[in-house]
Structure formats: structure tokens, C-alpha cells
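Trainee: Please read through the structure below; I'll follow up with questions.
No value in this document is a laboratory result; all are computed from the given coordinates. Predicted model only: the values in this text are computed from it and were never measured. Reconstructed Cβ throughout: ideal geometry from the backbone, glycine too, with neighbour counts over all protein chains shown.
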Amino acid sequence: MIDYSDVEPTMEFCFEELDAASRDKYDSERADKTAASFLVAQFKLAFYIEEVEMQARGAKNEVSRIEAEKYYDFKVNGTEKKTENMIASFVAKEPEIVDAKNEHAKQESNLKKLNNLLAILKDGHIYFRNIGKNKAWSE
């Protein structure tokens, strides 16, 4: 299996190189190696995204599980008659459900950020590959 434990330092290197290229001339040989680093970062990030996506799905399943449990508790327990809307309202405001939904939202937000970073790495790879083809970038 792919070791992606160093995905953050790998991406940090890529972003540092992108910053350096935006400030000064960039050597074509170095650009070819940097383009390869961007591919490595994409590869590692893809495996990391898989893990985060599983966590996000797990968080979504946890929300459903807690909602079902609370719904059952409200439906079965208690003597007064409750409408479906009342039960749904009771369930929605339960602190445990609110916390689970917040966790799911954080996971989804993180997943979206990582997918955006993957797209940036792809563009960076193309950018450095083109610099490598042009022999040197000049202002």
C-alpha cells in the first residue's frame, strides 16, 4: 500500500516551489523534478482523500444511526400522542444529533478542501512541466 503519511510535507514542498517560481527565474531541470513532485503529491493526496471520504461517510452514517435511535425513543417512550413533525423536531434538536451533524459537516468541508488542493496540484504539475519545456522562465 502507498505510504501517504507525509502528504502534508510533500504538498508544502510543492507550494514552496510554486511560490519560488512566481518570484524568480526557475531552472528547467529543476522544473522537471518539481513537476514530478507535484505528481507524487497528487498520488499521495488521492489516497489520503480516500481515507477522509470514508470518515465523512462514517460521520453521515452516524447521524442516521443516532437519528433513528432518538426517533425510536421518542416514538416508543412517553404517554402523550406525538405527531411525526413533533418527533422530527424533538430529534433534530437533540444535542447528540447536532454534534454528529456538525462533525459530518466538518468532514465534508475537509473533503471539499482536499479535492480543491488536488486540482491545484494538477495545475501546478502542468505549470512546471511547461516551464521545463521552455528551458527557463524569465520575467
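Trainee: As a footprinting exposure proxy, order 54, 11 by other Cβ within 10 Å, with the fewest listed first. Working shown, then result.
Mentor: Values: 54 11, 11 24.
The most exposed by this proxy come first: 54, 11.
Trainee: How high is the relative contact order of the chain, in percent, counting Cα pairs under 8 Å that sit 6 or more residues apart?
Mentor: Details: 122 pairs, mean separation 64.2, N = 139.
The value is 46 percent.
Trainee: Suppose a student asked you for the relative contact order of the stretch 31-113, using Cα pairs under 8 Å spaced at least 6 residues apart; what percent would you report? Mind dumping the intermediate values first?
Mentor: Values: 40 pairs, mean separation 36.1, N = 83.
With pairs under 8 Å counted, the relative contact order is 43 percent.
Trainee: Report the charge-dipole magnitude of the stretch 7-134 in Debye, nearest 20, computed about the Cα centre from +1 at each Lys and Arg Cβ and -1 at each Asp and Glu Cβ. Kindly include the intermediate steps, with their values, before the conclusion.
Mentor: Values: 20 positive and 24 negative charges, 77 e Å.
With Lys and Arg at +1 and Asp and Glu at -1, about 360 debye.
Trainee: Also, quick follow-up: Can you tell me what percent of all Cα-Cα pairs in the chain are more than 19 Å apart?
Mentor: Details: 6050 of 9591 pairs.
Summing the P(r) of the chain above 19 Å gives 63 percent of all pairs.
Trainee: Still on this structure, please answer the following. Could you name the lysines in cross-link range of residue 113, using Cα to Cα under 26 Å and dropping any fewer than eight places away on the same chain?
Mentor: Straight-line reach from residue 113, under 26 Å: 33, 44, 60, 101, 122.
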